[in-house]
Structure formats: structure tokens, C-alpha cells
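A.B. asks: I'd like to ask some things about the structure below.
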Amino acid sequence: MAISIRGDFTNPKKSPWSIEKYDSRLEQRMMDRLESDPLVVKWMKRHGITIPWIDKQKRQRRYLPDFLVEYADGTKAIIEVKDPSRLDSDDVLRKRTAAEMWCKQRHMEYVIATIG
């Protein structure tokens, strides 16, 4: 199954936007999950967050995580959806380390979700 599709998620109830764009089936499924989760009060893909990280050539890069989510208890989280086959790649591990540190400094959670 191809996971690389793009499309519009229209009229989400928990996003401030009337359209959220997804870049894969995994992102589309996460949007469905966030919309139906009673613990989620707000989510967005167009959140403007960029997290600096260093690639293996020692170049500074910018990482744009998939989702910003707010839960009913006030907790905020960055959620990144990944195909399980990519979890151990060097870039994913480096981005994850940078994102975990970024979130910790802001009292947020960082979650990598694999959705089947």
C-alpha cells in the first residue's frame, strides 16, 4: 500500500483551520484519530513549529513536526507519524533527540506514532 498520498482534510472540528493538508495516508489516519479522540481538544498540522537539529554531516537543519496537539488535561504534545520501517534511520533518530529536548524545555510531550 502506498503511503505517500497528499490531500485535504476538510472541516476538522478540533483544528482552527477549515482545511488541514496531509502528506501521507499515515497523516490522514492520524487526523481521523485526533478528531475522534475525546481526550483531544485541539490539534493542528499548520502550527509554525520548527525544531533545529544537526545532520550527520554536521549541518544545521530545521525539522517541521507533523502535529501539535492539546489534550483536555492541558497537556500539549508534538506528534510525529512514521512508517515503522523508518524509525531507526539516522535522520529520524537525530530529529527525535532534538524534538524531545525542545519539548522538554517547553513542558510538552514528544510522541512518535506508527499507525497501521
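A.B. asks: Counting DSSP beta bridges with both partners in region 65-116, what percentage is antiparallel, nearest 5? Let's see the in-between values first.
C.D. replies: Numbers: 4 of 9 bridges.
Restricted to region 65-116, the bridges split so that about 45 percent are antiparallel.
A.B. asks: On C-alpha positions alone, give me the angle between the axis of helix 25-36 and the longest principal axis of the chain, in degrees, nearest 10.
C.D. replies: Helix 25-36 and the main axis of the chain meet at about 50 degrees.
A.B. asks: Of Pro12, His47, Gln57, which is farthest on the positive side of the dipole of the chain, counting Cα position, with +1 on Lys and Arg Cβ, -1 on Asp and Glu Cβ, and the Cα centre as origin?
C.D. replies: Of the listed residues, the answer is Gln57.
A.B. asks: Using only helices, what value at 222 nm comes out for the chain when you add -39,500 (n - 2.57) per DSSP H run of length 4 or more and divide by the total residues, to the nearest 500 deg cm²/dmol?
C.D. replies: Details: 2 runs with 28 residues, N = 116.
-8000 deg cm²/dmol, from helical runs alone.
A.B. asks: Separate question: Using 18 Å as the Cα-Cα cut-off, could you pick out the over-long pairs in Lys76/Lys104; Lys42/Lys76; Lys13/Lys95?
C.D. replies: Going by Cα-Cα distance, Lys13/Lys95 fall outside the 18 Å limit.
A.B. asks: If you take every DSSP beta bridge whose two residues both sit in the chain, what share of them, in percent to the nearest 5, is antiparallel?
C.D. replies: For the chain, the DSSP antiparallel bridge percentage is about 75.
A.B. asks: Quick check: pseudo-label points 7 Å beyond the Cα along Cα→Cβ at His107 and Thr75, how many nm apart are they?
C.D. replies: 1.5 nm
A.B. asks: Using alpha carbons only, how many degrees (0 to 90, rounded to 10) separate the axis of helix 90-105 from the longest principal axis of the chain?
C.D. replies: 70 degrees
A.B. asks: In addition: Once amide H atoms are built 1.01 Å from N in the peptide plane, which residues 5 or more positions from Lys21, or in another chain, come under 5 Å H to H?
C.D. replies: Those lying under 5 Å, H to H, from Lys21 are Phe9.
A.B. asks: Same structure again: Keeping all protein chains in place, calculate the accessible area per residue for the chain (probe 1.4 angstrom), answer in Å². Working shown, then result.
C.D. replies: Numbers: 7250 Å² over 116 residues.
Per-residue accessible area for the chain comes out at 63 Å².
A.B. asks: How much of the accessible area of the chain, probe 1.4 Å, is carbon plus sulfur, in whole percent?
C.D. replies: Carbon-and-sulfur percentage of accessible area, whole number: 49.
A.B. asks: Calculated FRET efficiency, Asp32 and Leu93, Cβ-Cβ r, R0 22 Å, to nearest 0.05?
C.D. replies: 0.20
A.B. asks: Sticking with this structure for a sec: So what are the ³J(HN,Hα) numbers for region 39-49, from phi and the Karplus equation (6.51, -1.76, 1.60; θ = phi - 60°), rounded to whole Hz, Gly and Pro as x?
C.D. replies: Couplings: 7, 8, 9, 8, 8, 7, 9, 8, 10, x, 7 Hz.
A.B. asks: Search the structure for amide H atoms under 5 Å from the amide H of Ser15, placed 1.01 Å from N in the peptide plane, and list their residues when 5 or more places away or on another chain.
C.D. replies: Sorted by chain and number, the residues that satisfy this are Trp43.
The values are calculated or read from the model by the stated rules, or taken from the named source; none is laboratory data. If you're wondering where the values come from, they're calculated on a predicted model, not measured in any experiment. Every residue, glycine among them, receives a Cβ derived from its backbone with ideal geometry; neighbour counts consider all protein chains shown. Surface areas here come from the heavy atoms of the whole protein model, side chains and all, with no ligands, DNA or RNA. Shrake-Rupley method; radii C 1.70, N 1.55, O 1.52, S 1.80 Å.
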